[in-house]
Amino acid sequence: MARIAVIGSVAEDEVLCLPQPLREGMHRDATGCERRLGGGGANTAVPLARAGHEVVLVSPLGTDQRGDWLLGELQEAGVDTQAVVRVEGESTRSVVLVDPNGERTIVNVHRCREEGPPRRLESLEVDALYVRSHDLELAELMAGVARRATVVAHLPPLVRDGRPAHVLVGSESDLPTAFVADPWDAGEGIAGPFLRWVVMTMGPHGAEAVSADDRIATPAPEVSTVDTTGAGDVFAAGLVHALLAGQPMPQALATAVDWGAAAAACRGLPARQTIQA
């Protein structure tokens, strides 16, 4: 298995289950409430760790009790927290509203941030880096890692030269029409000469991967959707896992779609036995 660094947030999610889909002006009682580990960084790191990889999470946590709890949850899940820094103040916290169809609405209550780019990444020897962050200061660090390891980065941001990476991953619903129409040309402007693939997720319609001379589509399996929270992050984890295993993109894309579907079919992150190890 591989050694993987993940840059992204760690959050305490307060998950509220709603009896009906959200509607303007509605007043409803939640049918259930749960506290769980969340954030894009954690949602990607944990499935990779469960698949047997050595995963180092690069992220800030606050110095509050919430940060203590989150750190313990990460360590219990098998994630290496040596590159997690404690920042004075509160940890990241979100409220997640999940409707009966499994669709989620996320309200960020507080974000914990560190000053400057995480230079500690430079001292980490890794086989791959996954970036789940909007921080534009990461570009220089990403380019350095891309010269020696595989880099996969989430979109947005959509800034020229802002994400030096071999693979860009984004949700079609988060991308402008012009990007979706010509993802390779748009992706080259963002990732530069490192780019090999642009991957777009399309929810229940599966995913698509585009290179300079190829376009691959993979349908999603039919599942009973329970909670879509983190499904995109688990998809990305499956893609990283498959690429590091040497799978060609058609097979890697299918693996990623299966992982994302497994996440949508359960509450929280999928258990080890429900993802391909």
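The values are calculated or read from the model by the stated rules, or taken from the named source; none is laboratory data. Keep in mind that what you see is a predicted model, and the values were worked out from it rather than measured. Please note: Cβ atoms are built from the backbone with ideal geometry, for glycine as well, and neighbour counts cover all protein chains shown. All accessible areas refer to the heavy atoms of the entire protein, side chains included, with ligands and DNA or RNA removed. Shrake-Rupley method; radii C 1.70, N 1.55, O 1.52, S 1.80 Å.
Could you give me the residue pairs with C-beta distances under 8 Å whose first residue belongs to segment 35-62 and is on the phi > 0 side of the Ramachandran plot, whose second residue is part of a strand (DSSP E or B) and of a type in the set (Gly, Ala, Ser) wherever it lies, and which are 6+ apart or on separate chains?
These pairs meet every condition: Gly39/Gly8; Gly39/Ala11; Gly39/Ser59; Gly39/Ser94.
Here is a yes/no grid of residues against (1) of a type outside the set (S, T, N, Q); (2) assigned to a loop (DSSP other than H, G, I, E, B):
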| position | (1), (2) |
| --- | --- |
| Cys33 | yes, no |
| Ala45 | yes, no |
| Val55 | yes, no |
| Leu70 | yes, no |
| Leu74 | yes, no |
| Gln82 | no, yes |
| Val95 | yes, no |
| Glu114 | yes, yes |
| Val126 | yes, yes |
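Residue by residue through segment 222-244, note down the ones that are under 16 Å from the mean Cα position of the chain (by Cα) and assigned to a loop (DSSP other than H, G, I, E, B). Show your work before the answer.
Within segment 222-244, the subset under 16 Å from the mean Cα position of the chain (by Cα) is 227-243.
Matches in segment 222-244: Asp227, Thr228, Thr229, Gly230.
With the requirement that a residue be more than 17 Å from Cys266 (Cα to Cα), open to solvent by 10 Å² or more (accessible area, probe 1.4 Å) and not small (Gly, Ala, Ser), what does segment 32-56 give you?
Passing the criteria: His53, Glu54.
With respect to Gln247, is the statement that it is in a helix (DSSP H, G or I), without any contact (Cβ under 8 Å) to a residue 24 or more places away in the chain, open to solvent by 10 Å² or more (accessible area, probe 1.4 Å) and not hydroxyl-bearing (Ser, Thr, Tyr) true? If you could, list the steps in order and put the result at the bottom.
Numbers: in a helix (DSSP H, G or I): no; without any contact (Cβ under 8 Å) to a residue 24 or more places away in the chain: yes; open to solvent by 10 Å² or more (accessible area, probe 1.4 Å): yes; not hydroxyl-bearing (Ser, Thr, Tyr): yes.
Taking the combined requirement at face value, the residue does not satisfy it.
Please tell me if Pro156 is modelled with pLDDT under 95 and under 19 Å from the mean Cα position of the chain (by Cα). Write out each step before concluding.
On the way: modelled with pLDDT under 95: no; under 19 Å from the mean Cα position of the chain (by Cα): yes.
No; evaluated as a whole, the condition is false for this residue.
Pick out the one residue from Glu114, Glu88, Glu76 that is in contact with a Ser or Thr (Cβ under 6 Å, 6 or more places away or on another chain) and modelled with pLDDT of 95 or more. Please lay out each step first, then the result.
Working: Glu114 fails: in contact with a Ser or Thr (Cβ under 6 Å, 6 or more places away or on another chain); Glu76 fails: in contact with a Ser or Thr (Cβ under 6 Å, 6 or more places away or on another chain).
Residue meeting the stated conditions: Glu88.
What number goes with the only condition from (1) touching a residue at least 60 places away in the same chain (Cβ under 8 Å); (2) under 30 Å from Glu54 (Cβ atoms) that Thr225 does not pass?
The one condition Thr225 does not meet is (2).
Can you name the residue in segment 231-244 that is open to solvent by 10 Å² or more (accessible area, probe 1.4 Å) and of a type in the set (Gly, Ala, Ser) and, of all such residues, is farthest from Asp214 (Cα to Cα)?
Ranking the candidates gives Ala231 first.
Tell me the residue from Gly230, Gly203 that is closer than 23 Å to Gly78 by Cβ and modelled with pLDDT under 95, please. Before the answer, list the steps.
Values: Gly203 fails: closer than 23 Å to Gly78 by Cβ.
After applying the criteria, what remains is Gly230.
Can you work out which of the residues in segment 209-221 that are touching a residue at least 12 places away in the same chain (Cβ under 8 Å) and outside any loop (DSSP other than H, G, I, E, B) is farthest from the chain's Cα centre (by Cα)?
For segment 209-221, the residue satisfying everything is Ile216.
Just checking, how many residues over segment 250-277 are open to solvent by 50 Å² or more (accessible area, probe 1.4 Å) and in a loop (DSSP other than H, G, I, E, B)?
Kept after step one, since they are open to solvent by 50 Å² or more (accessible area, probe 1.4 Å), are these residues of segment 250-277: 250-251, 258, 267, 272-274, 276-277.
From what's left, in a loop (DSSP other than H, G, I, E, B): 267, 276-277.
Adding up the residues that qualify gives 3.
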